[in-house]
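Working notes, beginning with the structure itself.
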Amino acid sequence: MIKERILGYAEKKYSTLPESPFSSSPSTIVFRHKRNRKWYGVIMSVAKNKLGLDSELQIELICVKLNPELIDILRNKEGYYPAYHMNKEHWVSIVLDGTISSEEICSLLDDSYYLTK
C-alpha cells in the first residue's frame, strides 16, 4: 500500500515512471530524473540482517538522498537505517512497513529529488 502511494506520487508530481534496471532483481525500482538520469530514489527488498537487524527475513525499503545533518537525526528514529548499497553519509534507507507514513516518505522523496537535480 505504501509502495503504491509512493509510485503514484512520483508519477503525478515528477512524471517519473518506475524503472527496473536490474534483470537479476526485477522487483528493484528506480526513480530517475528525466534530464540527467540521476537516481533520486530506489525501492528494493533486502534481508533485515543487511540493516543490522537480527533476522534473515526480507523487508521492503526505499533509499533517498538527504542532507547529512537530517540523516543523523533520522537514524535515531525507528524505521530509518543507513543506506543499503548507497553512500551512507548522503543516503538513508526507510522501511516500507508502515512505521513511517507515506506522507513523510513522499516529503523526503521531494528532498531527494531536489538534491539530485
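Values quoted throughout were computed directly from the atomic coordinates according to the rules given, and no laboratory measurement underlies them. A quick note: this is a predicted structure, and the numbers were derived from the prediction, not measured. We place every Cβ from the backbone using ideal geometry, glycine too, and count neighbours over all the protein chains shown.
Descriptive notes on the structure:
- In the structure shown, the pairs 3/38; 34/77; 13/48; 13/88; 48/117; 12/48 are assessed against 29 Å; a Cα-Cα span above that value is assigned to 34/77; 13/48; 48/117; 12/48.
- Low-density loop positions, trypsin sites (Lys or Arg not before Pro), region 54-102 - DSSP coil, at most 12 other Cβ in 10 Å: 77
- Check: the chain dipole with +1 on Lys, Arg Cβ and -1 on Asp, Glu Cβ, in debye: 600
- With the convex hull drawn around the C-alpha atoms of the chain, the volume per residue stands at 100 Å³.
- Fewest-first sequence of 44, 1, 86 by Cβ atoms within 10 Å of each Cβ: 1, 86, 44
- Virtual spin-label span in nm between residue 67 and residue 12, 7 Å along Cα→Cβ: 2.7
- Here the chain is scanned for GluC sites (Glu not before Pro) in DSSP loops (not H, G, I, E, B) that have at most 15 other Cβ atoms within 10 Å, and the longest stretch holding none of them is 1-55.
- Positive end of the dipole of the chain (Cβ unit charges, origin at the Cα centre): among 82, 49, 114, the Cα lying farthest that way belongs to 114.
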